[in-house]
1. Tally Lys/Arg at +1 and Asp/Glu at -1 over every other residue whose Cβ is under 13 Å from the Cβ of residue 28; what's the total?
2. Select from the range 44-83 those trypsin sites (Lys or Arg not before Pro) which occupy a DSSP coil region and have at most 11 other Cβ atoms within 10 Å, ordered by residue number.
3. Which whole-number percent is the relative contact order of the chain (Cα, under 8 Å, 6+ apart)?
4. Test of the criteria: in the range 13-44, which trypsin sites (Lys or Arg not before Pro) are in a DSSP loop and have at most 12 other Cβ atoms within 10 angstrom of their Cβ?
5. Calculate, in nm to one decimal, what residue 94 and residue 11 gain on full extension: separation in residues at 0.36 nm each, minus their alpha carbon distance.
6. Working out 0.36 nm times the residue gap between residue 22 and residue 68, then minus their Cα-Cα distance, what length gain in nm do you get to one decimal?
7. Over all pairs of distinct alpha carbons, what does the Kirkwood formula give as the hydrodynamic radius of the range 2-111, in Å?
8. Give the cross-link partners of residue 95 among the aspartates and glutamates, using a straight C-alpha distance below 16 Å as the criterion and excluding same-chain residues fewer than 8 apart.
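Nothing in this text is a laboratory measurement; each read-out follows from the coordinates by a stated rule. Because the structure is predicted, anything quoted here is derived from the model rather than measured. Glycine gets a Cβ as well: all are built from the backbone with ideal geometry, and neighbour counts include every protein chain shown.
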Amino acid sequence: MENVVFLQLKRKGYEIYYHRNKHECDFIIRENGKIINAFQVYQSIENSGTRSREINGLIEAMEQYDLKNASLITEDEEEVIMLSGLTIQVIPVWKWLLGYTGEESNLKVNDATLIS
């Protein structure tokens, strides 16, 4: 699934980077010299350990690059996670490929606390 997301981002002409510090984030997108988005890709975040790891990677990247929104692309899960002023759209890969951003519907919003 990561390869599909990578190829779509590349097809759109974005500069693609990887973030790694304490945590990892799969794709950091730069356009016109500015970081504009972060994407994490994982098949499922149903497992609490996986969910923690993937969300923490996104949060770290969002904080480092001053992003308020990011996406976690999954096989078929969908929700909005709000945490300390940050918004993470969990979106199925097929919807993301069709251009869906998550703002088009009234998804369940989960207010979360920092996951350690």
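1. Local net charge: -4.
2. 68
3. About 19 percent, as a whole number.
4. Listed in order of number, the matching sites are 22.
5. Net length gain for the segment: 28.3 nm.
6. Once the chain is fully extended between residue 22 and residue 68, it gains 14.6 nm.
7. Value: 13.9 Å, from the Cα pair sum.
8. In chain and number order, the partners are 2, 75, 76, 77, 78, 79, 103, 104.
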